[in-house]
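A.B. asks: Sharing a structure here in structure tokens format.
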Amino acid sequence: MNPNQEQIQNMYRTMVSIRHFEETVKREFGKGIIPGFVHLYVGEEAIATGVCTALRPTDTITSTHRGHGHCIAKGCDLKLMMAEIYGKATGLCKGKGGSMHIADVEKGMLGANGIVGGGPPLACGAGLTSLVTKSKDVCVCFFGDGACEQGSFHESANLAAIWNLPVIFVAENNGYAQSTPASYHCAIEDIAERAASYGIPGAVLDGTNVLAIYEATLEAVDRARNGQGPSLLECKTFRHHGHFEGDLQTYKDDAYKSSSQGKDPIKEFRTEIDAQGWLSSEELDAIDQNALEQVQEALSFAESSPLPKVEDVTTDVYVNYR
Ligand SMILES: Cc1ncc(C[n+]2csc(CCOP(=O)(O)OP(=O)(O)O)c2C)c(N)n1
Ligand SMILES: [Mg+2]
């Protein structure tokens, strides 16, 4: 199903918002003010955007340590996100999650995760909840090529298959797990082939093509919502920056560097929009400029927000079920 004009605009807005957000975090992190680590999503914007455009608001996602793009695509507020990354009291998790544990349950963003492979079991939990409550919501589990080697992924894929859970596993294969190339850590070329081991559909996608990802996700969502169980989508992509900010990237070979430079998902989408005549370059520039301004406002909000109070250090850390 082709996206309509409004969806095209929204997809472009989401992609450029992620790009501006991440480039701003990169610049500000370099000043030494943001606490902890940040892992940027630049180059991978088409995946979160294409996938989340195919979801409805009550559907959920699980994220990774590289989660800012997932949050933005699922509709999280930029100001509250930036404040969270700054560890401020006004942040989405009152400054106690930070970049790697940011979450927004109301928006269906069940959490970034510092544990590689931590997301798949959570996605199975969300999928089981959907079955038990008969909500028909689906859960998308984003994970990296490195996470794909974790037992937690394999156990979750198997569980989702035998219980027919409405879970869509989205492998973001950016070719590296930190500094280890996928060709070294993965026994096969295409992660999607692993779907066959669990008797579920698997597809290899161009992770820089937002429309292809949107269409493949629609199909997987349709299956999941109609009780046909999980799918695995592998999106081949490129991480344009380091694994984390401060990574010198000496391990990236020339072929990877030149491929990633030539594959910019935003430029590709703009070219397609132009070729199809969906939006003029003036309209696209205006969306771009507006996204930049929203990110600048988010930054000012985060900078001017207070830090959490010391006496609040133990609040909102545990949930007590009685
Ligand atoms: C269980 C676990 N092992 C190791 C690490 C350290 N670590 C953090 S990110 C990362 C690489 C993850 O690679 P991938 O899943 O491909 O995601 P990407 O960073 O490429 O998005 C590693 C090894 C960790 N956080 N958790
Ligand atoms: Mg990776």
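The values are calculated or read from the model by the stated rules, or taken from the named source; none is laboratory data. Keep in mind it's a predicted model, so treat the numbers as computed, not measured. Methodologically, a virtual Cβ is constructed for each residue, glycine included, from the backbone with ideal geometry; neighbour enumeration extends over all protein chains shown.
A.B. asks: Among the residues of the stretch 198-221, which ones are part of a loop (DSSP other than H, G, I, E, B) and more than 20 Å from T271 (Cβ to Cβ)?
C.D. replies: Residues satisfying the conditions are G199, I200, P201.
A.B. asks: On the basis of being surrounded by 24 or more Cβ atoms within 10 Å (Cβ to Cβ) and more than 16 Å from ligand 2 (Cβ to nearest atom), does P121 make the cut?
C.D. replies: Spelling it out, it is not the case that P121 is surrounded by 24 or more Cβ atoms within 10 Å (Cβ to Cβ) and more than 16 Å from ligand 2 (Cβ to nearest atom).
A.B. asks: Under 9 Å between Cβ atoms, at least 6 apart or on separate chains: pull out the pairs that start in the stretch 130-157 with a residue that is in a helix (DSSP H, G or I) and end on any residue that is polar (S, T, N, Q) and away from ligand 1 (no atom under 15 Å from the Cβ).
C.D. replies: These pairs meet every condition: S130/T60; L131/N164; H154/S197; A157/S197.
A.B. asks: Is there a residue in the stretch 250-268 that is among the small types (G, A, S), at pLDDT 95 or above and under 22 Å from the mean Cα position of the chain (by Cα)?
C.D. replies: Checking the stretch 250-268: not a single residue is among the small types (G, A, S), at pLDDT 95 or above and under 22 Å from the mean Cα position of the chain (by Cα).
Every residue, every condition in (1) within 30 Å of S183 (Cβ to Cβ); (2) in contact (Cβ under 8 Å) with a residue 60 or more places away in the chain, yes or no:
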{"position": "S231", "(1), (2)": "yes, yes"}
{"position": "Y251", "(1), (2)": "yes, yes"}
{"position": "S258", "(1), (2)": "yes, no"}
{"position": "A275", "(1), (2)": "no, no"}
{"position": "L279", "(1), (2)": "no, yes"}
{"position": "L299", "(1), (2)": "no, yes"}
{"position": "S304", "(1), (2)": "no, no"}
{"position": "L307", "(1), (2)": "no, yes"}
{"position": "V313", "(1), (2)": "no, no"}
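A.B. asks: In the list G151, G144, which residue meets the criterion of being surrounded by fewer than 24 Cβ atoms within 10 Å (Cβ to Cβ), within 16 Å of ligand 1 (Cβ to nearest atom), of a type outside the set (A, V, I, L, M, F, W, C) and on the phi < 0 side of the Ramachandran plot?
C.D. replies: G151
A.B. asks: Hey, another quick one. Anything in the stretch 158-190 that is under 25 Å from H243 (Cβ atoms), in a helix (DSSP H, G or I) and more than 10 Å from ligand 1 (Cβ to nearest atom)? List them, or say none.
C.D. replies: S183, Y184
A.B. asks: Same structure, new question: Checking R66 against (1) crowded, with 24+ Cβ neighbours inside 10 Å; (2) in a helix (DSSP H, G or I), which test does it fail?
C.D. replies: R66 satisfies every listed condition except (2).
A.B. asks: How many residues does the stretch 132-141 contain that are in contact with a Lys or Arg (Cβ under 8 Å, 6 or more places away or on another chain) and surrounded by 19 or more Cβ atoms within 10 Å (Cβ to Cβ)?
C.D. replies: Selection size over the stretch 132-141: 2.
A.B. asks: Further question on the same structure: What about E149, is it within 21 Å of the chain's Cα centre (by Cα) and within 15 Å of I61 (Cα to Cα)?
C.D. replies: It is false that E149 is within 21 Å of the chain's Cα centre (by Cα) and within 15 Å of I61 (Cα to Cα).
A.B. asks: Quick one: is A224 out of contact with any Asp or Glu (no Cβ under 7 Å at 6 or more places or on another chain), more than 24 Å from W163 (Cα to Cα) and part of a helix (DSSP H, G or I)?
C.D. replies: No.
A.B. asks: Right, next: Only one of these conditions is not met by T314: (1) farther than 30 Å from I191 by Cα; (2) β-branched (V, I, T); (3) touching a Gly at 6+ places or on another chain (Cβ under 6 Å). Which number is it?
C.D. replies: Going through the list (1) farther than 30 Å from I191 by Cα; (2) β-branched (V, I, T); (3) touching a Gly at 6+ places or on another chain (Cβ under 6 Å), T314 breaks only (3).
A.B. asks: Right, here's the next one. Going by the structure shown, is G108 more than 22 Å from A298 (Cα to Cα) and modelled with pLDDT of 95 or more?
C.D. replies: Against the criterion (more than 22 Å from A298 (Cα to Cα) and modelled with pLDDT of 95 or more), G108 does not qualify.
A.B. asks: What are the pairs, 6+ residues apart or on separate chains, where a residue within the stretch 172-185 that is touching a residue at least 24 places away in the same chain (Cβ under 8 Å) and under 17 Å from G207 (Cα atoms) has its Cβ under 6 Å from a residue that is near ligand 1 (Cβ under 9 Å from one of its atoms) and among the basic types (K, R)?
C.D. replies: From the stretch 172-185, the pairs are N174/R239.
A.B. asks: Then there's this: Select, from G97, G118, G125, the only residue that is within 16 Å of ligand 1 (Cβ to nearest atom) and farther than 24 Å from C186 by Cα. First the steps, then the outcome.
C.D. replies: Numbers: G118 fails: farther than 24 Å from C186 by Cα; G125 fails: within 16 Å of ligand 1 (Cβ to nearest atom).
Testing whether each residue is within 16 Å of ligand 1 (Cβ to nearest atom) and farther than 24 Å from C186 by Cα leaves just G97.
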